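Notes to accompany the following structure.
The values are calculated or read from the model by the stated rules, or taken from the named source; none is laboratory data. Note that this is a predicted model, so its numbers are computed, not measured. Ideal geometry is used to build each Cβ from the backbone, glycine not excepted, and the neighbour counts take in all protein chains shown. To get the accessible areas, we keep the full protein, side chains included, count just its heavy atoms, and leave off ligands, DNA and RNA. Shrake-Rupley method; radii C 1.70, N 1.55, O 1.52, S 1.80 Å.
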Amino acid sequence: VRASTRDDALALDAGDSLAHVRTRFVLPPSVIYLDGNSLGALPRGVTERVHDTIEREWGHDLISSWNEHGWWDAPRRIGARLARFIGAEAGEVVVSDSTSVNLYKLLHAAISNRAERSVLLTERHGFPTDRYVIDSVARERGLTVEACEPGAVLARIDERVAVVALTHVDYRTGRRHDLEAVTATAHEAGALVVWDLCHSVGAMPLDVDRAGVDYAVGCTYKYLNGGPGAPAFAFVAHRHQARFAQPIAGWHGHARPFAMEEAYAPAAGASRLLTGTPPILSLVALEAALGAFEGVDLHDVRAKSVALSEWFITLVDERVPEATVVSPRDAGDRGSHVSVAHPSAYAVVQALAARGVIGDYREPDVMRFGVAPLYTRFVDVWDAVDRLVEVLRTQEWRRPEHQIRRTVT
Ligand SMILES: Cc1ncc(COP(=O)(O)O)c(C=O)c1O
């Protein structure tokens, strides 16, 4: 077999049906951005929308904007728009608060729905915030947390388990759970599921309703490109909404917020997931950002994500013997980033950044490279691996400045 070439990359780009979508993004020309799995790029139109919201809606129309410009309804309206990304119905999703806070709410509600059971089942090595929230909710509710190896989850589900709480795609390795199988197995045992979809939403089609998912959360600043600190979504299946016991009751989740009643009375539907005033500027940024997906089929997004990831893995295998791909080799078991281990991964990521290739580092030795099918090109992957080869050949990662640990890695 002949080795791959840069011309192969250009040919792949020429045949890419999503290639035109890249023009919907503002991308610095000298940068190869492979970190859309952490912070999505800036879609065109977001700046203007946020500017208009500040200047005209806030600056001129002031408080009337809550009514006149749809501020009050934004968490529901944008939730309805997000529903198609996860295969939910419009009234099952709201956008507000962070993933961590939404996870806290959903776990409490799920446990209330299985009050007679004693175990909260999760995986080891998951994203820390999930584990911290899971542990704290379990403490508050008197449940035991069982954290098993990701591959052992199915075998550990039994009738003691109240809730199975997992991240669909692992932040470190990109390993993907079989959402349908875990959900079905949990239900057979009488347990409920809470899925964290942070690393899958916007990178692949999801179908939570068809899979029978009970609850789900996910952030919007990764593949959905909502911007730094964009609020997260929360999904509650219709069948659980009437019983949704809100652990942080607040006025935005009240049935009659402006009646200013002494007692809390939950709103109908997904509105009762809300708590306090949502971040309007971030919500409108997200709403405008979703325009980048206009006319885009998520099956095509997934197909390109797989093709880009396979291309990346092929090139690392061919050209970078010093590094090891630690993501699953089978695309069906993977999300939309590829993780590569190297003993000096942190310094290598810094040296790559100095050469204009942006990936990131995760403890203890992992370099992550995310492919965002809306704007990542096959030639970007080629050039990134080419620079990785150079950084390792010249050993420029050994320079002192590349050893300095920044706050965000
Ligand atoms: C799996 C997962 N859950 C949660 C978060 C972040 O949660 P929050 O939006 O509360 O910061 C991340 C962030 O990268 C994540 O990867």
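Taking 8 Å as the Cα distance limit and 6 or more residues as the minimum spacing, I'd like the relative contact order of region 264-409 as a percentage.
Result for region 264-409 is 23 percent.
At most 12 other Cβ atoms within 10 Å and a DSSP loop assignment: could you name the trypsin sites (Lys or Arg not before Pro) in region 103-166 that fit?
Qualifying residues, ordered by number: 124.
Pop out the ³J(HN,Hα) list for region 186-194 in order, Karplus 6.51 cos²θ - 1.76 cosθ + 1.60 with θ = phi - 60°, rounded to Hz; leave Gly and Pro as x.
The phi angles translate into 4, 5, 4, 8, x, 9, 10, 10, 10 Hz.
Between region 1-64 and region 255-301, how far is it from one alpha carbon centroid to the other, in angstrom?
Result: 23 Å between the Cα centres.
Over the chain, with every protein chain in place, what whole percent of the accessible area is carbon and sulfur at 1.4 Å, could you tell me?
Taking all protein chains in place, the chain shows 54 percent carbon and sulfur surface.
Where the centroid of each part is defined by its Cα atoms, how far is region 148-225 from region 304-355 in Å?
For region 148-225 versus region 304-355, the Cα centre distance is 24 Å.
Taking the convex hull of the alpha carbon atoms in region 272-355, what volume per residue do you get, in Å³?
So the per-residue Cα hull volume is 210 Å³.
Using the heavy atoms of the protein chains alone and a 1.4 angstrom probe, what is the accessible area of the chain per residue in square angstrom?
Solvent-accessible surface per residue comes out at 42 Å².
Give the residue list of trypsin sites (Lys or Arg not before Pro) in region 284-346 that are DSSP loop and have at most 10 other beta-carbon atoms within 10 angstrom.
Listed in order of number, the matching sites are 329.
List the trypsin sites (Lys or Arg not before Pro) within region 23-88 that fall in a DSSP loop (any state other than H, G, I, E or B) and whose Cβ has at most 16 other Cβ atoms within 10 Å.
Taking region 23-88 and a limit of 16 other Cβ atoms within 10 Å, the loop trypsin sites (Lys or Arg not before Pro) found are 44.
Could you identify which residue out of 278, 29, 150 has the top mean-square fluctuation in a GNM of the chain using Cα springs shorter than 10 Å?
29
Among 293, 67, 5, which residue has its Cα positioned farthest towards the positive end of the charge dipole of the chain, with +1 placed on the Cβ of Lys and Arg, -1 on the Cβ of Asp and Glu, and the dipole taken about the Cα centre?
Comparing the listed Cα positions along the dipole, 5 ranks first.
Quick check of the Kirkwood formula: for the chain, what is the inverse mean of 1/r over all pairs of different Cα atoms, in Å?
Computed over the chain, the radius equals 22.3 Å.
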